[in-house]
Amino acid sequence: MFFNSYEFVFIFLPVTFFIYHGISWFLPFRWALIWLTSASFFFYGWWYPGNVVILAGSLLFNYTVGLGLHRAKIANFSLTPRTNKFLFIFGVVGNLGLLSYYKYYNFFIGNINDAMGTAISMESLVLPLAISFFTFQQIGYLRDRWQRQVIEHTFDYYILYVVFFPHLIAGPIVQHWELLPQLVQKKFQGFRFDQWAVGLTIFVLGLFKKVVLADRMAEYASPVFMKAEQWANIHFVEAWGGALAYTFQIYFDFSGYSDMAVGLGLMFGFQLPVNFFSPYKASSIIEFWQYWHITLSKFLKNFLYIPMGGNRHGRYGRYRNLMVTMIIGGLWHGAGWTFILWGMLHGCYLVVNHAWRGVKKKYGFLRVQRFRLVREWSARLLTFLAVVIAWVFFRAETFHGGFTLLQGMAGLHGILLPLGWSRFLPDGGGTLLFSDAFWAFFLGDFGYKQWLFILALWVIAWFFPNTFEFMSGYLNLLEQYLQERIQRPRRFPNWQPRPLYALGLACLFVSVLSFMYSPSEFLYFQF
Amino acid sequence: MFPNSFFMVTMSDASFRSYIGIFFVGLTLIGGVGLYITPMMSEIPRVGRALIKAYGKGTPDILLFGDSVMRATRIKRCDTGSSTIDTLLAKELPNLNWVASPYSASSMVVFNDLLPIAMNRPNPPEWIIVPVNMRSFSEEWGTRPAYRLDLDRALIRIKFGKVRLHDYFLVWKYQFTKALDMEMEAWRNQTVAYPDFNLGPRRKLHDKSMDLPKNLDCLPHLKEQYRDVLRTKFIYHYLYRLDPENPLLQSLREIIHSVQQSNKNILIYVTPINMQDGERFVGHKFREIVQGNVGVIQTLVENMGVPLLNMVDKLPPEHFIDQYAVCEHLDETGRRFVAAQLAKVLRSEPFKKP
């Protein structure tokens, strides 16, 4: 079930919501949580009920290992610290083994076959939905169980922490300290209209981003990337159009999903971590990764980069750690060399960025405040372009497709104007010489309407407040992260529970419903 | 049912409560108004209103159902004028009161739905003229989701007929959603095979390689360069074998039957097609099959005692101009010809003004 489907919006969500709040009133609150857990399993099993077995097995395995780690510490059982560490490694290997089998087995075998000319048969595996997300979440949980940083809880709380439907499928990657305490310590607080209003608003804004903005961009981007895979030459304007369309598609798609998750969480009375905070406004790649897929960045930093040594082993040690972290980050997104290349590119960007910072610090130049605005905007533009180029490989199915598109972006296949622009040309293409037929021969496909839409999204991404800045009047309902980042007052208008905003939201929702007829997958579902 | 404390509404909660209330009320109103306004904004109600308005001015003698052939062509620079067939006819027969339906798609099904608007008036027209476009029986027109005109038919029912709840669903589905795109996508994946020709995957018939320069009809010397594409298009549009049980023919039967039941007169005419170019690019089979299909219509119509004005091969290629080529759209001279032929029949018995 997609968040952007009628069955979710009109059946699953209202039923789950009202029964949850009803149970909260009439029965002990724990029953409401059990209801939420059941609903979450139903939500997960909607695609393929068989997946529930894998998820349940993973939950049981991790909770049992976690319990072992916990008891070993608390009661000082016969487990020595060494065996305790072994138990932790066993847990991690178990998780990674499950992930690797489903996600990387065929990739691995395929590469062996290619490299060694063998013919090892591949498995017809269907990747269990959200496996990357719940695996990472549970690895984090085991690590903290091992280090005795997890609050007391029982199995039912643990299950809900992992399977809570707003975050289960495509994140945000919720760490136990972000949700478990809320579940364990939550008391019935009555029906909170403020949470409902703010949560509903964030949910609708996210839905709008996904259904109206991202899906339109997909219509522009997909044909261009498909063309690139088919060995077709793509001209300059078309290539940039496709790359930019995908850049905005993935942002509005994934941040829309994350907004929906936060909004849904709030409607049920829980705060979920923010995953996006205007990443395209970043003026460096370091900053970009602080604002893009924040929960994954935090996970990679805490569970990979820092344990590998972080920046504690000198400059080159840091660069190595950054590269390894980003390559694994790329591989996490999918079993493919294009994802690895994407990760390597970002690793390189980060290395260059850190090196540049070192140079600036060492030589002290560019400290002058002159041309601050110019420097700031050129840094933002440069960062944005670097990100766009990396997205080309993220989206491309093969290296060939990615490089073909890049060649087009570099103008190596010609710099031609879109066909629709002929009307702006002399005589509007009105004479026979400059007729549409004439231009059709010379011009590409990407039209000015698509460009206007792309530019509009560019303006939104760069100049508009993000959802959480817009909702910053009610930060007390949202997570700490935002309270640290948003300093008021801001120049943009804040959301208020006023009639005009309610009507505006209703208009947005109507427009969303119009586009929801064919729910499309969220891009991050596949990861 | 719930004790007051359940909602625990504080002072500040009140504004949130009204926010949620206004959201849901607004959602219902905006959605409802949208569904109400949309039918009013579409072409069909305009057609109906135009008919009713025209009736208000007096007793019309003739109702002419229109299609795109009736209109001026879209390539204005190739055309010599911009008069429509109904205005040309009105000039030819100034003593008659005309009502022309400006609906632009040729569909017997929609004509059949529109007919009661005219016939149920206190002063129904004495004559009904129905154009028959040979392309409208093609496989494409029979199966293409957009050409099924489901939305149009729902709108006609909403505005002028018996409204069903399902019609509002159809309006919402086709006006507000991407349902049509999805159906079109499925349609593109089909294969097209006529009894005499196998055209292969439909996607190929509608891809860019089948595009023709928009002015090709104005540049006949260039047509030879596009021989293959033109041949395929002529086959695709005209070389089906018309089944007497075709649903569109069933609608035509119903139209004739309704008019005859009301003791009024009806004239059916077949609009010209570019027969010469068809023969040039496809061969002699083109004329043979087209004439066979016209024969099916002729038999049906004449069996019901109605004359058929057959203009299918009455115009040379230079009068067919359309931005997509292989189409029945005519230039001013062609439209004048059609109007003159209709006027000629109408001047004769029994089509004189009562």
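The values are calculated or read from the model by the stated rules, or taken from the named source; none is laboratory data. The model shown is predicted, which means the values in this text are computed figures rather than measured ones. A quick note on method: Cβ atoms are made from the backbone with ideal geometry, for glycine too, and the neighbour counts reach across all protein chains shown. Heavy atoms of the whole protein, side chains included, go into the accessibility calculation; ligands, DNA and RNA do not. Shrake-Rupley method; radii C 1.70, N 1.55, O 1.52, S 1.80 Å.
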Q) Yes or no: B:D152 charged (D, E, K, R) and over 18 Å from the mean Cα position of the chain (by Cα)? A) no
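What do you reckon, is B:W127 under 13 Å from the mean Cα position of the chain (by Cα) and either buried (at least 17 other Cβ atoms within 10 Å of the Cβ) or not aromatic (F, W, Y) (or both)?
no
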Q: Output yes when any residue across segment A:85-108 is out of contact with any helix residue (DSSP H, G or I) (no Cβ under 7 Å at 6 or more places or on another chain), outside the structural domain of A:S511 (by TED's automatic domain parsing) and β-branched (V, I, T), and no when none is.
A: yes
Q. Can you pull out the residues in segment B:240-266 that are under 29 Å from B:P125 (Cβ atoms), more than 18 Å from the chain's Cα centre (by Cα) and not in a helix (DSSP H, G or I)?
A. B:L242, B:P244, B:S262, B:N263, B:K264, B:N265, B:I266
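Looking at the structure I just gave you, is A:T201 within 14 Å of chain B (Cβ to nearest Cβ) and surrounded by 23 or more Cβ atoms within 10 Å (Cβ to Cβ)?
Numbers: within 14 Å of chain B (Cβ to nearest Cβ): yes; surrounded by 23 or more Cβ atoms within 10 Å (Cβ to Cβ): yes.
For A:T201, the condition - within 14 Å of chain B (Cβ to nearest Cβ) and surrounded by 23 or more Cβ atoms within 10 Å (Cβ to Cβ) - is met.
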Q | Failed criterion for A:G206 (all others in (1) more than 19 Å from A:G402 (Cβ to Cβ); (2) in the same structural domain as A:M409 (by TED's automatic domain parsing); (3) surrounded by fewer than 23 Cβ atoms within 10 Å (Cβ to Cβ) hold) | A | (3)
Q) How many residues are more than 14 Å from chain A (Cβ to nearest Cβ) and open to solvent by less than 70 Å² (accessible area, probe 1.4 Å) if we restrict to segment B:179-190? A) 1
(Q) Show the residue pairs meeting these rules: Cβ distance below 6 Å; 6+ apart or different chains; first residue within segment A:157-181 and aromatic (F, W, Y); second residue open to solvent by 10 Å² or more (accessible area, probe 1.4 Å). (A) A:Y157/A:V184; A:Y158/A:Y63
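In segment A:159-193, how many residues are open to solvent by 20 Å² or more (accessible area, probe 1.4 Å) and within 14 Å of chain B (Cβ to nearest Cβ)? Show your work before the answer.
Here is the first cut: in segment A:159-193, the residues open to solvent by 20 Å² or more (accessible area, probe 1.4 Å) are A:159, A:177-178, A:181-182, A:184-189, A:192.
Retained after the next criterion (residues that are within 14 Å of chain B (Cβ to nearest Cβ)): A:187-189, A:192.
Counting residues in segment A:159-193 that are open to solvent by 20 Å² or more (accessible area, probe 1.4 Å) and within 14 Å of chain B (Cβ to nearest Cβ) gives 4.
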Q) Looking only at segment A:24-37, which residues are more than 33 Å from the chain's Cα centre (by Cα) and either part of a helix (DSSP H, G or I) or acidic (D, E) (or both)? A) A:W25, A:F26
**Q.** Selected residue (criterion: farthest from the other protein chains (Cβ to nearest Cβ)) from residues of segment B:130-178 that are farther than 29 Å from B:V259 by Cβ and among the hydroxyl-bearing types (S, T, Y)
**A.** B:Y168
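Which residue, of A:V15, A:V9, is aliphatic (A, V, I, L, M), within 14 Å of another protein chain (Cβ to nearest Cβ) and within 27 Å of A:G206 (Cα to Cα)? Even if it seems obvious, please write down each step before you answer.
On the way: A:V15 fails: within 14 Å of another protein chain (Cβ to nearest Cβ).
None of the others qualify; the one that does is A:V9.
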Q.
Where the second residue is open to solvent by less than 70 Å² (accessible area, probe 1.4 Å) and not in a helix (DSSP H, G or I) and the first is within 14 Å of B:P60 (Cβ to Cβ) and of a type outside the set (V, I, T) and lies in segment B:81-97, which pairs have Cβ atoms under 6 Å and are six or more apart or on separate chains?
A. B:D86/B:L64; B:D86/B:A100; B:A90/B:W98; B:L96/B:D61; B:L96/B:I62; B:N97/B:G58; B:N97/B:P60; B:N97/B:D61
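Determine if segment B:134-141 includes at least one residue that is modelled with pLDDT under 80 and surrounded by fewer than 20 Cβ atoms within 10 Å (Cβ to Cβ).
No, segment B:134-141 contains no residue that is modelled with pLDDT under 80 and surrounded by fewer than 20 Cβ atoms within 10 Å (Cβ to Cβ).
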Q: Among the numbered conditions (1) more than 12 Å from chain A (Cβ to nearest Cβ); (2) open to solvent by 20 Å² or more (accessible area, probe 1.4 Å); (3) within 16 Å of B:E139 (Cα to Cα), tell me where B:P220 comes up short.
A: (3)
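Which one is farthest from B:I321 (Cα to Cα) among residues in segment B:194-236 that are among the acidic types (D, E) and not in a loop (DSSP other than H, G, I, E, B)?
From segment B:194-236, those among the acidic types (D, E) are B:196, B:207, B:211, B:217, B:224, B:228; that's our starting set.
Subsequent filtering for residues that are not in a loop (DSSP other than H, G, I, E, B) retains B:217, B:224, B:228.
Values: B:D217: 5, B:E224: 16, B:D228: 19 Å.
My answer is B:D228.
Filter segment A:147-158 down to residues that are surrounded by 16 or more Cβ atoms within 10 Å (Cβ to Cβ) and at pLDDT 80 or above and give me whichever is farthest from the other protein chains (Cβ to nearest Cβ).
Here is the first cut: in segment A:147-158, the residues surrounded by 16 or more Cβ atoms within 10 Å (Cβ to Cβ) are A:150, A:153, A:157-158.
Filter once more, so that each one left must be at pLDDT 80 or above: A:153, A:157-158.
Working: A:H153: 27, A:Y157: 25, A:Y158: 30 Å.
Top of the filtered list is A:Y158.
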